[in-house]
1. Taking the Cα centre as origin and putting +1 on Lys and Arg beta-carbons and -1 on Asp and Glu beta-carbons, what dipole magnitude results for the range A:86-304, to the nearest 20 debye?
2. Just to confirm the number: angle between the C-alpha axis of helix A:346-355 and the first principal axis of chain A, 0 to 90 degrees, nearest 10?
3. For a quick check of understanding: with a 1.4 angstrom probe and all protein chains in place, what accessible area in square angstrom does residue B:344 have, to the nearest ten?
4. Contact order normalised by length for the range B:241-344, with contacts defined as Cα pairs under 8 Å and 6 or more residues apart; what percent is it?
5. May I ask for the equivalent-ellipsoid semi-axes of the range B:4-43, computed as the square root of five times each C-alpha gyration tensor eigenvalue and listed largest first in whole Å?
6. Quick one: Kirkwood hydrodynamic radius for the range B:241-344, alpha-carbon pairs, angstrom, one decimal?
7. Report, in debye and to the nearest 20, how large the dipole of chain A comes out about its Cα centre when Lys and Arg carry +1 and Asp and Glu carry -1 on their Cβ.
8. Mind checking which lysines have their C-alpha under 28 Å from residue A:530, skipping anything on the same chain fewer than 8 residues away?
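The values are calculated or read from the model by the stated rules, or taken from the named source; none is laboratory data. None of the values given here were measured: they were computed from a predicted structure. Every residue, glycine as well, gets a Cβ built from its backbone with ideal geometry; the counts of neighbours run over all protein chains shown. We work out accessible area using only protein heavy atoms, side chains counted, and drop any ligands, DNA or RNA first. Shrake-Rupley method; radii C 1.70, N 1.55, O 1.52, S 1.80 Å.
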Amino acid sequence: MNDPVKTPGQPPTASPHAPPARGGIVPLAKFPFDGSRIFPALRKAYVAVLVLFLIGPLVVLFIVKVRAGVFDEFHAPDAKEQERLAGLMVSTVRTAALATALAVLFGVTVAVAIYRARGWTRRILGALFPIPLLLPPAVVTIAWTHLIGKRGIVAALWFHFTGVKELPLSMYGEFGTAWCLALCWFPLVTMPALVGLRSVGPLAGRAGAVYAGRWAVFRRIHVPLMLPYVSAGAVFVAWLALGDFEVPLVLLTNNFPMQIYGAIKSLEMGLALYLCAPMLAAGAAVLLLRQVLVRGQAAATIESRWRPDAPGGGHGGRGWSAAAWIVLGLATVMPVASLLHQTGNWATFQDGLRSAKAEILHSYRSALEGAAIMAALGAPCALLLLRLRGWRRTALSLLVFVPLMVPGTIHGLAWTQALLPTAPGRAVLGSHLVLSLSDAARFFPICVFLLAAAFAALHPRLLDAAKIAGAPPAMRWRKIWWPLTWTGFLAAFAIGFALSAGELNASILLSPVGYSTLPIRISSLLHFGKDEMLAGMCLAQVVIALAPFLAATALLDRTLEVRLG
Amino acid sequence: MAERLAVTDLHKRYGAREVLRGVSFEVAPGEVLALLGTSGCGKTTTLNLVAGLDRPDAGMVALGDATLCAPGAWVPAHRRDLGMVFQGQMLWPHMTVREHLTFVLKARGVPGNEHDVRISEQLEAVRLTGRDESYPAQLSGGEAQRLSIARALVARPDMLLLDEPCANLDAPLRTDFLALLARLRAERKFSALYVTHDAAEAFELATRVAVFDEGVLAQTATPEVLCTEPASPAVARIVGGGALLPGTLAEGGAVETALGTLPAPARAPAATGEKVLCFLRTEDLRLNANGPLQALARASHYDGRGWLTILEAGETLLRARSDAPVAEGERVKLELLRPPPVFKA
């Protein structure tokens, strides 16, 4: 019999067992053990733990400390200083906005290229695009400085040919900072953009093309449909860029988070808290702006079904592919090649590894623990987020987003202040556990987003089919739910690991005495160590982040290959 | 296998919307009952309540001697001995064909030494022999559909539930699937509950058809009765195959319509002079130069079984059979082969 071959991943159009929720969204698969009925108390306890974990330290910092009189001896900066701080804040916001715009440009380009590509190109692009996320901004900046910095290769060539010492485009300013940040964080836009492209599908655009020109279709169909997805990633980038001081640290420039860091270092707690306020306001403004932009459409983002096996968006797309290769080249190949060139030889790299052996082990340990906590604690949160409706859902989303909205420096400060007053807290503060916990809390939203996407991809009828087949809850969990969602856990773990391994903003404040991670070591050697040694350590950092990611990718690729035939 | 299913007074509400209002029916052993209705009328909800995928607000479901669901009693879905074919198949993408069937047999507690025999038997029955190690993504549309029915039947359930299984299939696959289902049913004599919105599909497979209208069971009858004696205009509309023509009940029971005077129904639905609706089936209307009725021809086309002419009678468009095509705008005469069902308007 010559049956037509079924399109892999053809979206099922099942009528679900409950009426569709708002906007015709198909309900989500229930977790095989229905917590809402069996464990209501456990759910409340979990939410309480989540509140403590995610915003407890901030509450301590902003409420308890203020009430304890941290502002009693604080004198607000004079007018001249206020003006300088305002200028810095404007510059920080401008840099973050530029970084976000560039990340959206890069991220959407790569997402469209992956969506439109076929076969191997699609698989390779799909496997490579998260890699920039694994490279800490400091490392990327060091690599780019080596290329186009004052003493960089390009500057030397420029001087050789033109006799002019200064390059026309300087790395040491807002553009350079934004450029490095965008190259690091654009995968955070690519991920939701891909979900969006696969959920929206090519038909809406094609339907529009019947009635209107390309530009009108782009403006009236593609932009409104994709906005909730792209803006979700853009918000992450904007928050991370607002709070970052790794890049300015490398470039020896100044920004607002560096002022906060300086205030904390000089033990001016009142000033640090005073400076936190505009940063928090900027973070909240970003979220508010996004809500205004996507009024009424935001609900679709998280419930959209991520279908790794979904058909691509049509044909052609060579131009998009070429652009994506360029972006990925700039974000991964260029920095790594630059670091390799700077390292010089294998011996220097080995020296770098040897001298930072303890830091590498510490980084691995903290990142592993942080990622495990993130994945374990994030899974129930993702399930809850998908299941809740109305104000409960909004409240939980806000709760989850808070740690990322708050700049890493403030996050680190909050954890210190929350743990310091009690003996068990001081014990945690004195151990490596504080880094794992803080990393887990800080990157929790990204982890939850990945898990929610994986859970949303599971059609509820697949579990119903197992139920009808006679499988009890444990068997449904073991044979259906877990095999179809573990890839989400793996992705969340791998990304959580990489982000934790490269975290500097909070860990520089939290690392216990005698316990340093590789990013901290790199930052301490930035302007005082040998360049070759620094580059060697940066390469070690890249290897640390890449190794588990590549292993996870290989595993995922094999799994998807089996599933998709 | 083949137990009597009894559904009594089912009620279900989702928020403010009452989806089912007192639905009751029975499926005899070996019978196929089709649940027919438009989208959102409550047929899939009924199937889910029978399957145990959702709980009713009130009512009872019993299979043979076992009460599956009643006030104070609830058998979860995995303990009801049912098989189900889902719309869109819902095959598990990470399992091979053999693993699908093994999963069901294990879940149903079938001893391991019987697995190979049962699986081979089932794969042969659905013509999937040799495809045991394939994953769903490697199967064609027809093979995937046959796997879904194999999964539903491999454990020899008491009853088979089918939720719009042909909804995503093209015409040839649909024909193949219905033929396979009819063959399997003849061989195994299972009872089945078949949800569909397509009357032709329901008539092809079902012994009786239950027509749903806005959460209420409007009529349960054989296909023949449904076509010739629909209980209400809504049932007539859902069953299809004709059109409702407004008219007025005249003296002696005849009905005055835009076509002319129609013969008196067996039982007058309204008083003389009252407005009524006549259900005129396409197959009962025939163009005849000597016929007593008259209408305006709007179009003619060949539909594979003969010529079909679209007629205008007042504001109603009707279809009638003819031996040859008719020119647009021509006034034609026609006859009615049997008295139509008449309803109070």
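1. That gives a dipole near 900 debye.
2. 80 degrees
3. 120 Å²
4. Computed value for the range B:241-344: 32 percent relative contact order.
5. For the range B:4-43, the ellipsoid semi-axes come out as 23, 13, 5 Å.
6. Computed over Cα pairs of the range B:241-344, the Kirkwood hydrodynamic radius comes out at 13.7 Å.
7. 2100 debye
8. The reachable lysines, counting only those whose Cα sits under 28 Å from residue A:530, are A:150, A:165, A:265, A:357.
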